[in-house]
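This report concerns only the one structure given below.
The values are calculated or read from the model by the stated rules, or taken from the named source; none is laboratory data. This one's a predicted model, so the numbers in the text were calculated from it and none came from an experiment. We place every Cβ from the backbone using ideal geometry, glycine too, and count neighbours over all the protein chains shown. SASA here: full protein model, heavy atoms, side chains in, ligands and nucleic acids out. Shrake-Rupley method; radii C 1.70, N 1.55, O 1.52, S 1.80 Å.
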Amino acid sequence: MFPAERIVCLTEETVETLYLLGEQDRIVGISGYCVRPPEARRDKPRVSKPDLVLSFSDLQADIVAALIRRGVAVHAFNQRSIAEIFDMIRMLGAMVGAADRADRLAAELTDGLAEARRRAARLPYRPRVYFEEWNEPMISGIAWVSELIEIAGGIDIFFDRACGKSAQDRIVTEAEIIARMPDVIIGSWCGKKFRPEKVVARPGFAQIPAVRSNAVHEIKSPLILQPGPAALTAGLTELRRCIEGAACAC
């Protein structure tokens, strides 16, 4: 089977990965939500006739089913952890005949994670971190985010929820957040602007260390909530900024 020449990407992480592999000319359509890399948003059409569509997770199950019924080839990724992100990169590389470049990209990203771990080992303190992916209801961070928090030198206060396969598994309450007393609160509300003033005004939150020390931050969702290279680079950098700031302030 020859590599697909006309690929439509329904999520951003496959777009970014194909650009990093030098295979961007295969992309003939992207999601309107794609913002990385910037040249993709500028140069690639929003719709086109593909010979392969790349999708992500059960959230796109309906559109995937419709495409399959129309005879379009679809590959659905479902990566939820750092290891699975690397699997996606290598599989996508193999699918477009760029396996060697995918291995090199994975190695570069692995080196970046290792350097972040070495830097985190020098921190004087490992701050407790509450990562909020959504606010109504409150949803804590997914597995790759929880892993990146640990790599950056923090302790995810809801690491026990992170492996939940659905967002419903990661719903938390105000009482649970207060009880776990995070030193840092990081918001990344997928699809809308994070409102720190609303977070700090929640009942009982005034006693939380993160609120008392004004350690309530936003990380833009395209940087951290897309399970691809951006999360392992730009997203990790932002996590380090938040966590190192809290660790060095103690």
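What the table below lists for this structure:
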read-out	value
Test: residue in segment 148-162 that is of a type in the set (D, E, K, R), assigned to a loop (DSSP other than H, G, I, E, B), under 17 Å from Ser81 (Cα atoms) and touching a residue at least 12 places away in the same chain (Cβ under 8 Å)	yes
Selection from segment 203-233 of residues that are in a loop (DSSP other than H, G, I, E, B) and under 27 Å from Glu108 (Cβ atoms)	Ile219, Lys220, Leu225, Gln226, Pro227, Gly228
Thr110, sole failed condition from (1) surrounded by 14 or more Cβ atoms within 10 Å (Cβ to Cβ); (2) closer than 25 Å to Pro229 by Cα; (3) β-branched (Val, Ile, Thr)	(1)
Every residue from segment 163-173 that is open to solvent by less than 60 Å² (accessible area, probe 1.4 Å) and charged (D, E, K, R)	Arg170
Enumeration of residues in segment 174-202 that are outside any helix (DSSP H, G or I) and β-branched (Val, Ile, Thr)	Val184, Ile185, Ile186
Subset tally (residues that are farther than 18 Å from Glu238 by Cα and either open to solvent by less than 50 Å² (accessible area, probe 1.4 Å) or of a type in the set (A, V, I, L, M, F, W, C) (or both)) for segment 203-220	6
Residue within segment 82-89 that is aromatic (Phe, Trp, Tyr) and assigned to a helix (DSSP H, G or I) present	yes
Residues being more than 13 Å from Ile139 (Cβ to Cβ) and of a type in the set (Gly, Ala, Ser) - total across segment 173-188	2
